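> Have a look at this one before I ask anything.
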Amino acid sequence: MAFQLNNVVPWGRNMEEYKSMFLLNEEDMKKKIAGFGDGPASFNFEAHCLGCDITSYDPIYQFNKEELEKRIEDVRGTVMQQMSANMDNYIWTKIRDLNQLEQIRMDAMKLFLDDFEVGLLEQRYRYHELPNSLPVGDDYYDIGLSSHFLLLYTKLGFEFHVKSIGEMLRVCKEVRIFPIVDLDACQTDMISNVIDEFKKRYVVELKATNYQFQKNANKMLVIRK
Ligand SMILES: C[S@@+](CC[C@H](N)C(=O)[O-])C[C@H]1O[C@@H](n2cnc3c(N)ncnc32)[C@H](O)[C@@H]1O
């Protein structure tokens, strides 16, 4: 089925959040990085401004700036209502309250939107839908990231996750995924089964990160060749 923008809830994080979630240090930031399911995050733009080599892949990059802007505005209220109804599932220390959360997310998505057309021309934003194969060779990237996409949407199923992470591992020397819980903050059997599958062929580590907003979501999964 064709990818529908009205099935997506665009919600983007910023570079500081990506650096904390994925423990990206100065050495990492000098490497060739790909973000999968980066959507409207401002990581690509902010890191590009620092001279970093980041490519973001996402199916929403097939739509134009106006379409993305409209979808962000359309879902903004609903997302904030859901956050308000589920405040107990989150830790309000670094982000103090709902207003600050909305401001941080909207600021990140504005940076993305303002950069989107230039970034498309520069091929920093590339339309791609996992688990399809990517138009780059083996080990092309040093690090592949997935923030709040893989493992979070467990309903996509075991096969989808194994194929998607497998393709990321073909083109990246190392893959980092955050968080490793589902939308209810549980580490489900499906997530454990995916991890066990990759343990058969790769070096797999769970690392505590510097980022925790969703309760129980403070570890990233690292899979290396
Ligand atoms: C919750 S958002 C996370 C955005 C960003 N990574 C962040 O943390 O701020 C999930 C993203 O996954 C993308 N996505 C959905 N299906 C996908 C697929 N099959 N392959 C790659 N990305 C997908 C969506 O378009 C959306 O941008």
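> Going by how many other Cβ atoms sit within 10 Å of their own, how do LEU151, LEU156 line up, fewest first?
Final ranking by Cβ density, sparse to dense: LEU156, LEU151.
> With the cut-off at 27 Å, tell me which of the pairs LYS70/LYS173; LYS19/LYS110; LYS94/LYS155 have Cα atoms farther apart than that.
LYS70/LYS173; LYS94/LYS155, as the Cα separations exceed 27 Å there.
> Within 10 Å, at most 13 other Cβ atoms, and a DSSP state outside H, G, I, E, B define an exposed site. Report the longest part of the chain free of exposed chymotrypsin sites (Phe, Trp or Tyr not before Pro).
Answer - 93-225.
> Where the only charges are on Cβ atoms (+1 Lys, Arg; -1 Asp, Glu), what is the dipole of segment 1-118 about its Cα centre, to the nearest 20 debye?
Numbers: 13 positive and 21 negative charges, 42 e Å.
Once rounded to the nearest 20, the dipole reads 200 debye.
> What is the sum of charges around ASP74, taking Lys and Arg as +1, Asp and Glu as -1, for the other residues whose C-beta is under 14 Å from the C-beta of ASP74?
Values: positive: LYS70, ARG71, ARG76; negative: GLU66, GLU67, GLU69, GLU73.
Residues close to ASP74 contribute a combined charge of -1.
> Further question on the same structure: Picking from GLN100, TYR141, SER42, whose Cα lies most toward the positive end of the charge dipole for the chain (charges on Cβ: Lys, Arg +1; Asp, Glu -1)?
Projecting each Cα onto the dipole axis, the largest value belongs to TYR141.
> Right, here's the next one. Given segment 14-224, what percent of its DSSP beta bridges are antiparallel, to the nearest 5?
40
> Can you sort VAL222, VAL118 from fewest to most other Cβ atoms within 10 Å of each residue's own Cβ?
Details: VAL222 19, VAL118 12.
Ascending Cβ contact count within 10 Å gives the list VAL118, VAL222.
> What dipole magnitude, in Debye to the nearest 20, does the chain give about its Cα centre under +1 on Lys/Arg Cβ and -1 on Asp/Glu Cβ?
Working: 28 positive and 35 negative charges, 122 e Å.
Rounded to the nearest 20 debye, it is 580 debye.
> For q = 0.14, 0.18, 0.27, 0.29 Å⁻¹, what log10 I(q)/I(0) does segment 1-66 give under the Debye formula with an equal point scatterer on each alpha carbon and no solvent?
Debye intensities relative to I(0), on a log10 scale: -0.45, -0.69, -1.26, -1.41.
> Sticking with this one: Tell me whether segment 67-132 comes out rounded, prolate or oblate; compute the Cα gyration tensor, take square roots of the eigenvalues as a ≥ b ≥ c, and use a/c under 1.5 as the rounded threshold.
Prolate, since a/c reaches 1.5 and a/b exceeds b/c.
> For the chain, max minus min Cα coordinate along each principal axis, in Å, sorted largest first?
44, 41, 40 Å, listed from the longest principal axis down.
> Please give every one of the aspartates and glutamates within straight-line cross-link reach of LYS215, meaning a C-alpha to C-alpha distance under 13 Å, and leave out same-chain neighbours fewer than 8 residues apart.
ASP88, ASP182, ASP184
Laboratory data are not the source of any read-out in this text; all were calculated from the coordinates shown. This one's a predicted model, so the numbers in the text were calculated from it and none came from an experiment. With ideal geometry, Cβ positions are generated from the backbone for all residues, glycine too; neighbour counts draw on all protein chains shown.
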